[in-house]
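Right, one structure below, let's go through it.
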Amino acid sequence: MNAFIRDVSFLSAMGVVVLTAAIVFVLGVAAAPAFKAFGWTFFVSDSWNPVKDVFGALPAIYGTLVTSFLALLFALPVGFGIAFFLVELSPPFLVKPLRVAIELLAGIPSIVFGFWGLFVLAPVFQKYIQPFLIDTLGSLPLIGPFFEGPAFGIGILTAGVVLAIMILPFLTAFLTEVFKTVSPLLKESAYALGATRWEVLKSIVTPSTRASIAGGIMLALGRALGETMAVTFVIGNFHRLKLSLLAPGTSISASIANEFNEATTDLHSASLLALGLILFVITFIVLACGKASVALLARRERR
Amino acid sequence: MTSFSKNVKALLWGVLFVSLALGASASTGDICGAGATFPYPVYAKWADAYRKETGTGVNYQAIGSGGGIKQVKAGTIAFGATDKPLEESALEAAGLVQWPMVIGGVVPVVNIDGVAPGGLVLDGATLAAIYLGRISFWDDPKIKELNPALSLPHRLIVQVYRADGSGTSFLFTSYLAAVSDAFADQVGAGASVQWPAGMGAKGNEGVANMTVRTLGAIGYVEYAYAVQNKLAFVKMVNKAGKTVAPSFETFQAAAVHADWASAPGFCLNLADQPGEKSWPMTGASFILMPKHPANKRNAEKALAFFDWAYKNGAEETRALDYVPMPDSVVTLIKASWKQIDLGEQN
């Protein structure tokens, strides 16, 4: 029986490696015509014209990176707050219901988030939030171009907010576990010295968990990068590069989901697969950065 | 890890046998087809009625025209379906036969304060200019000229288009490219194109929802979808200079005027057809079958289904707000089926 379990677990582990390698290989072969046809311009061109068979990935790459970054920007403070509340502040009877609520949020299918974003969030953005941003920030120098109108309701900012809600459960669960690992001895000593809760968070909890937090952020970012359905609904699916966060844009996974069915020319499907390969590489870089930062911070702390 | 235990070997063999058995059982029975999404409601309805009448099931997967073409070329399905007809040379190269199965129309819909369904009139050049982003406000002189009686607000036009590749977009862009050189040059016709302005929504329902919700929006949807959701459709000035509303009669008028007999492989675009009553954004959806099918028995069954559909499907087609093929065209289509090699008839 021991041998059986050993073999099965070995096969499973090897299976993952083989599968990943096979996916990269197949994607690479299938995407090769696009890279061959467009070379480096594929990464910097904002033309995506299936009729003329000219493709460039820049708007999709920009949309993917910016929506994921925005998602992190919104989700991180909230997730941090929830996790700290759960571990340090919450009365015991609230802990369970809160955790269940967050876990339920993680179980909602992403298409539901998409519909919610389109039917509920987008009208609110269109009526109140985007006009406000256009009137206040839109006319400022430097950051003005990022908040130019008109107010469509959907767009890169809306996609970022929906994504933030989607990665929140993961981020919160992760941070809660991390905060729990802080030695109670340290915290109690700090409180005994008269430190406030904020000072404990700032000077005890955060520094001693820095490495794990960095790793968790990178994992959450990886999750946001690949999200497809919810983004497709609210991003606006516009294949041109616009700086404004309020303008419709597109993301890598949204482009693939939208167009793969009807990609009739070889170059069109090759370009979509090339987008997939680029997303794979971006995600790999993000995860590698996560690992590297964890290792770096851990080493610094040991000194 | 040089030697696997016997248990693992047994497990692997088991998996292999089970998958082989499943593969064999799935290949008998139903007629399998796949492709275009535009005619899917009609094909599904026909398939249901056909199964009740004859006991033969038709399994149609709306995976998109591109997928349909790929699958029928690969020989994994009995028939493929596409909204964009293949050129004669492409048909020859792949050894396929093509014919039109059903006709439908695309309708522009708007959301402007004070404009009722059918209240707004546009012509092809103006519609193309709107989607090119060259006309930005609803009170533009060009739109006012076509609608002297309407009081149009000074409101920004928001163009809504299909984000997912679709036959609806193909029909719409085919028309705009046919009537506007600038559109043909900058955008062109296709299932997915690079739109110069506006925003993309997913599916007919996405476009309809975005249009209904955004004041000043214009979108385009399948006729059936516009009717069933009572959207504010737009009347069009057609090639003959007459203003027409989208309807069963105006779609059929376009189909009747088309010159099917001299189009090899029925490769014909019904956009902007002549005729006083023709709706300009009309199109057929096509079926593809191999000339030398690997499974002749299945090909025969598929043709029997299509034959039945031309004879008995008209009522269902109309009920779904699509248009059946005119009888004169059906005769031509059936003659073209002789190209399909069904082997020894017995």
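The values are calculated or read from the model by the stated rules, or taken from the named source; none is laboratory data. Just so you know, these numbers come straight off a predicted model, no measurement behind them. Here the Cβ is made from the backbone with ideal geometry for all residues, glycine too, and neighbour counts use every protein chain on show. The area values use the complete protein model at the heavy-atom level, side chains included, leaving out ligands, DNA and RNA. Shrake-Rupley method; radii C 1.70, N 1.55, O 1.52, S 1.80 Å.
Summary of computed values
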read-out: Chain A, relative contact order [Cα under 8 Å, separation at least 6], %; value: 28 percent
read-out: Of all DSSP beta bridges in chain B, antiparallel share, percent nearest 5; value: 60 percent
read-out: GNM top mover of B:Ser328, B:Ser65, B:Ser136 - chain B, alpha-carbon springs below 10 Å; value: B:Ser328
read-out: Accessible surface of the protein assembly as shown [probe 1.4 Å, protein heavy atoms]: carbon and sulfur percent; value: 64 percent
read-out: For chain B, built as a Gaussian network whose Cα springs stay under 10 Å, the top-fluctuating residue of B:Ser180, B:Ser336, B:Ser89; value: B:Ser89
read-out: For A:Val54, residues with placed amide H under 5 Å, excluding near neighbours; value: A:Asn49
read-out: GluC sites (Glu not before Pro) restricted to the stretch B:304-346 and DSSP loop, no more than 16 other C-beta within 10 Å; value: B:Glu344
read-out: Threshold 40 Å², the stretch A:228-274 residues less accessible with all protein chains present than alone (1.4 Å probe); value: A:Asn237, A:Phe238, A:Arg240, A:Asn258, A:Asn261, A:Glu262, A:Thr264
read-out: Cα gyration tensor, chain A - rounded (a/c under 1.5), prolate or oblate; value: oblate
read-out: Overall form of chain B per C-alpha gyration tensor (a/c, 1.5; a/b vs b/c); value: prolate
read-out: 1.4 Å probe accessible area per residue over chain B, in Å²; value: 42 Å²
read-out: Average partner coverage of A:144-151, which counts Cβ from other chains inside 10 Å; value: 1
read-out: Environment charge of A:Phe80, counting only residues whose C-beta is closer than 15 Å and scoring Lys/Arg +1, Asp/Glu -1; value: +2
read-out: Among the listed pairs B:Lys70/B:Lys301; B:Lys45/B:Lys277; A:Lys52/B:Lys235, those beyond 24 Å (Cα-Cα); value: B:Lys45/B:Lys277; A:Lys52/B:Lys235
read-out: Normalised contact order of chain B, rounded percent, pairs of Cα under 8 Å and 6 or more residues apart; value: 24 percent
read-out: B:Tyr322, B:Tyr223, A:Tyr128, ranked by accessible area, largest first (probe 1.4 Å); value: A:Tyr128, B:Tyr223, B:Tyr322
read-out: Residue among A:Ser139, A:Ser189, A:Ser45 with the largest mean-square fluctuation in a Gaussian network model of chain A, springs linking Cα atoms under 10 Å; value: A:Ser189
read-out: Prolate/oblate/rounded call for the protein assembly as shown, Cα gyration tensor, a/c under 1.5 rounded; value: oblate
read-out: Bridge type composition, the protein assembly as shown - antiparallel percent by DSSP, nearest 5; value: 60 percent
read-out: Solvent-accessible ranking of B:Tyr161, B:Tyr40, largest area first, probe 1.4 Å; value: B:Tyr40, B:Tyr161
read-out: Per residue value of the accessible surface for the stretch A:2-302 (all protein chains in place, 1.4 Å probe), Å²; value: 48 Å²
read-out: Under the span-like rule (Cα at least 27 Å along the axis, Kyte-Doolittle mean at least -1.0), DSSP H helices of chain B; value: B:6-26
read-out: Accessible area buried between chains B and A, both sides summed, probe 1.4 Å, in Å² to nearest 100; value: 3200 Å²
read-out: Inter-chain shielding of B:201-213 (mean C-beta neighbours from other protein chains, 10 Å cut-off); value: 3
read-out: Dipole of the stretch A:2-302, positive end: most advanced residue of A:Ala257, A:Phe10, A:Ile235 [Cβ charges, Cα centre]; value: A:Phe10
read-out: GluC sites (Glu not before Pro) restricted to the stretch B:179-281 and DSSP loop, no more than 15 other C-beta within 10 Å; value: B:Glu276
